[in-house]
Every structure is written in structure tokens, then in C-alpha cells.
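Laboratory data are not the source of any read-out in this text; all were calculated from the coordinates shown. Because the structure is predicted, anything quoted here is derived from the model rather than measured. Counting neighbours? That spans all protein chains shown, and the Cβs are built from the backbone with ideal geometry, glycine included.
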Amino acid sequence: MIIKKLVVGPLGNNCFVIADENTKEGLVVDPGDEPDRILDLIHENNFQLKYIVCTHAHFDHVAAVPEIKEETKAKIVLHIDDLDIYRSTKDQAAAWGYEVDPLPEPDMFVSEGDVLEVGDLRFEILHTPGHSPGGICLYGEGILITGDTLFAGSVGRTDLYGGDIKELKRSFKRLMSLSGDVKVLPGHGPESTIGKEKTDNFFSCMI
């Protein structure tokens, strides 16, 4: 498995490109900005992009989707509960003082338990609402890509549209039930492990 990370955009979003080492088939998670850098990485490594996965639809995680879609023809993946947020990305970004192009419609909606396959790699969809209604994590191959559900030592905010602290507590508790050696790749900030978050995350005392 090949994992590449780019920190993109003014809010420092972690964009991950993951590919099967043998087939070079892969996916990109949360292309939030700087599409040229993301596409350069994809082309330089000869990755064959199959999916564009949005862990949630906040603008800093989806703003580069149009360019990635146009260039690669990969399928845009979203949970349907975030569709309203996805469709309002332009207005959402404007409220923060940023400009975002209109987004193409998603190609497929995923739900709890669905599996995305790239080459011989398999990633299960975990529906983890709280930061947004349709927040998802990708779980498999010893890693957990958490978007803004879980950070190293923290969690995503719940004061944006669709945020729900009760849902986030349930999602957090569920993630903490995973094996401690699972590597956490969050939407912002440094990497961690489930084991480390069980002991160090401030949110642990709130569930």
C-alpha cells in the first residue's frame, strides 16, 4: 500500500492519496484545495484514480473535486446525509471569505458497511456523524482515515450546520472500540493511533 499526504489550502487540510503498490489503482480522500499539486502527485506516481472520497462536504475538504474529477474521471463518493452541505459549498465557502467553483454531482453514495476496493486494498465505510450528518471514516489495511471526526488529541467541531455533539460522542466511542494499533489519518494535523487516542484524547472523558 502506498500512502501519500498533501497538506492543502488555507485551513491546512490533509489530503490523502492511497494506491495499491502493484496495480497502482487508487483513491484520493478530501481533495480540499490546490488541485494542481494533487494531480501532479497522481501523475508522477502513475496512479490510476478510481475514487474521489469526501469524508464530509465542508468546503476545505472538497474544493478541488471539480478539477480532480475532470482530469481523472474518478467517481465522486459521498454519504447522502451530507448532500445538502455538498450542494451549498459555494455559499459555505463565501461565508468564510473564500471562492469555490460549483461542484459536480456525486457519482455514488456510500453507507455504513459498504466497501471501496482499489487493487487488492479494501476499505470499509464507517458512518460517523457528529461533525456533519454524513461524516464517514475509511477503515482497512491497518489504517483509519477520519476526516474531521477524530484528530490527534481532539475531535471535530459541532457548531457548524448539521453538527451534533451527541452524535459525535457516539461516533467517538465507536472508533475507540477499534484495535489500539490502528493508525489514525485525520483531516487536519498529525497522525496518531487509536491506542494513543484512548489515553490522550481530551474527548475520552466526555463519553
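Values computed for the structure shown
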read-out: Relative contact order [Cα under 8 Å, 6+ residues apart], segment 39-103, whole percent; value: 34
read-out: Dimensionless Rg/Rh of segment 59-190 - Kirkwood Rh, Rg from C-alpha atoms; value: 0.96
read-out: Dipole of the chain, positive direction: furthest Cα of Leu83, Pro186, His61, with charges on the beta-carbon; value: Pro186
read-out: For Leu168, Leu150, Leu160, order by how many other beta-carbon atoms lie within 10 Å, fewest first; value: Leu160, Leu168, Leu150
read-out: Likely footprinting exposure, Glu21, Glu34, fewest C-beta neighbours within 10 Å first; value: Glu21, Glu34
read-out: Segment 52-103 versus segment 173-204: alpha-carbon centroid distance in Å; value: 26
read-out: Segment 37-141: GluC sites (Glu not before Pro) in DSSP loop, at most 11 other beta carbons within 10 Å; value: Glu99, Glu112
read-out: Scattering curve values for segment 140-187, log₁₀ I(q)/I(0), Debye with Cα scatterers, q = 0.18 Å⁻¹; value: -0.55
read-out: Residue-by-residue Karplus 3J(HN,Hα) for segment 92-103, coefficients 6.51, -1.76, 1.60, Hz, glycine and proline x; value: 4, 5, 4, 5, 9, x, 10, 10, 10, 5, x, 9
read-out: Selection from Pro10, Phe203, Ile38, by position along the positive dipole direction of the chain (Cβ); value: Phe203
